[in-house]
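To start, the structure itself, in structure tokens.
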Amino acid sequence: MTFWGLTILILVLVLIGGIFLSYWIPKRLGYKRAGTVISLTIIAGLALLVLFIVFHDRLFFKSDVDKFLAGQSIKLNDDFRILSNKDDGLIGAYQTFEVEISHGDKKQIIGLIKNSNNFGLKSPEIREPNSTVSFNYEDDSYFTRKTTRTFGQGYSPVIEIVNVDKKKNRLICYKYLP
């Protein structure tokens with residue numbers, strides 16, 4: 001048996017034992033109903049945790065896209081569709097999602113990127129702590145807005161990227177917490 005297999009087996013046994021003891025101890029003390037409530041509460045909490053882990057990617061909504069794009073000073077006026085959403089799970093260090101947008105919104109975002117005062121700049125000249133810096137540029141496939149939020153010393157920056165596909169009405173967005 002592998003290390004992770006053994007670790008998961010031990011974790012499952014500890015959880016089952018904990019649920020059993022949360023029922024058995026109050027029952028032995030004459031509080032059978034309290035034992036039932038406690039053990040069912042633990043089971044329900046664990047079931048919710050498992051469901052959250054399994055369906056985490058599905059719990060991403062249009063309002064989350066709007067919030068992410070608002071952080072980039074981008075607003076979608078027309079309806080859009082989330083095509084995919086992938087992240088690294090509960091840690092939240094990496095997320096990427098694709099959104100199908102209207103042609104009008106695509107033109108608006110490209111205009112916003114092209115008309116920015118730092119269009120063509122791909123890297124920062126100076127990164128101050130506790131600041132937000134955006135870079136706007138174009139390559140062969142995308143118009144890109146990259147925003148870096150720095151924090152105090154010892155904290156990793158947050159990097160958010162919005163790519164506007166030149167060929168399709170599609171946004172590809174990334175968020176990194178390195």
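Every number here is computed from the coordinates shown, using simple stated rules; none is lab data. Just so we're clear, the structure is a prediction, and the values are computed from it rather than from any experiment. Here the Cβ is made from the backbone with ideal geometry for all residues, glycine too, and neighbour counts use every protein chain on show.
For Y94, the residues whose amide H sits under 5 Å from its own are D88, L177, ignoring neighbours fewer than 5 places away on the same chain, with H placed 1.01 Å from N.
Would you please classify the overall shape of the stretch 3-54 from the alpha carbon gyration tensor, given that a ≥ b ≥ c denote the square roots of the eigenvalues, rounded means a/c under 1.5, and beyond that prolate means a/b larger than b/c while oblate covers the rest? Oblate is the answer for the stretch 3-54, as a/c is 1.5 or above yet b/c matches or exceeds a/b. Using the Cβ of R170 as centre and a radius below 14 Å, the other residues enclosed give a net charge of +1, where K and R count +1 and D and E count -1.
Proximity of backbone amide H atoms, modeled 1.01 Å from N, is registered between R170 and I101, D165 at under 5 Å, excluding neighbours fewer than 5 places apart on the same chain.
Every helix of 4 or more DSSP H residues in the chain counts as -39500 (n - 2.57), and over all residues that averages to -13500 deg cm²/dmol at 222 nm.
Within the chain, DSSP assigns beta bridges of which about 95% are antiparallel (rounded to the nearest 5).
With contacts taken as Cα pairs under 8 Å and at least 6 residues apart, the chain reaches a relative contact order of 14 percent. Computed 3J(HN,Hα) for the stretch 16-27, one whole-Hz value per residue from the Karplus formula 6.51 cos²θ - 1.76 cosθ + 1.60 where θ = phi - 60°, is 5, x, x, 5, 4, 5, 5, 8, 5, 4, x, 5, glycine and proline marked x. Within the chain, the ratio Rg/Rh, alpha carbon atoms throughout and Rh by Kirkwood, equals 1.19.
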